[in-house]
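*Asks:* Quick one: structure below, then a few questions.
Just so it is clear, none of the values below were taken in a lab; they were calculated from the coordinates. Quick caveat, the model's predicted, so the values are computed rather than measured. Glycine gets a Cβ as well: all are built from the backbone with ideal geometry, and neighbour counts include every protein chain shown.
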Amino acid sequence: MSNHNKCEVMCVKEKLIIKKKSLKGEDGYKIFSIRIKEETVSMLDQLSQDTNRSRNELINILLEYAAKNCEVK
């Protein structure tokens, strides 16, 4: 994870813990679109509300964590 997210995100016993933060502006990442299930959007919306983070920021955190912690067999 980037240095910015290391202090705000940690993994404890296979759970990804995301700390709340105050809302800020754009983060300057590259933009692209994806298709996801409505139930996934609902989970992201709830997580967004609980953490005061945008869906975009949460998706970045979750994808970065998953990419760094997956295993290809």
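*Asks:* Which net charge results when you count Lys and Arg as +1 and Asp and Glu as -1 among the other residues whose beta-carbon is under 13 Å from that of Asn69? Walk me through the numbers on the way to the answer.
*Replies:* Values: positive: Lys15, Lys68; negative: Glu14, Glu64, Glu71.
Combined, the nearby Lys, Arg, Asp and Glu give -1.
*Asks:* Please compute the modelled spin-label separation between Glu38 and Lys15, points set 7 Å along Cα→Cβ, answer in nm with one decimal.
*Replies:* 2.9
*Asks:* Could I ask something else about it? Note down the net charge around Leu44, summing +1 for each Lys or Arg and -1 for each Asp or Glu among other residues with Cβ under 13 Å from its Cβ.
*Replies:* Numbers: positive: Lys37, Arg53, Arg55; negative: Glu38, Glu39, Asp45, Asp50, Glu57.
Every neighbour counted, the sum reads -2.
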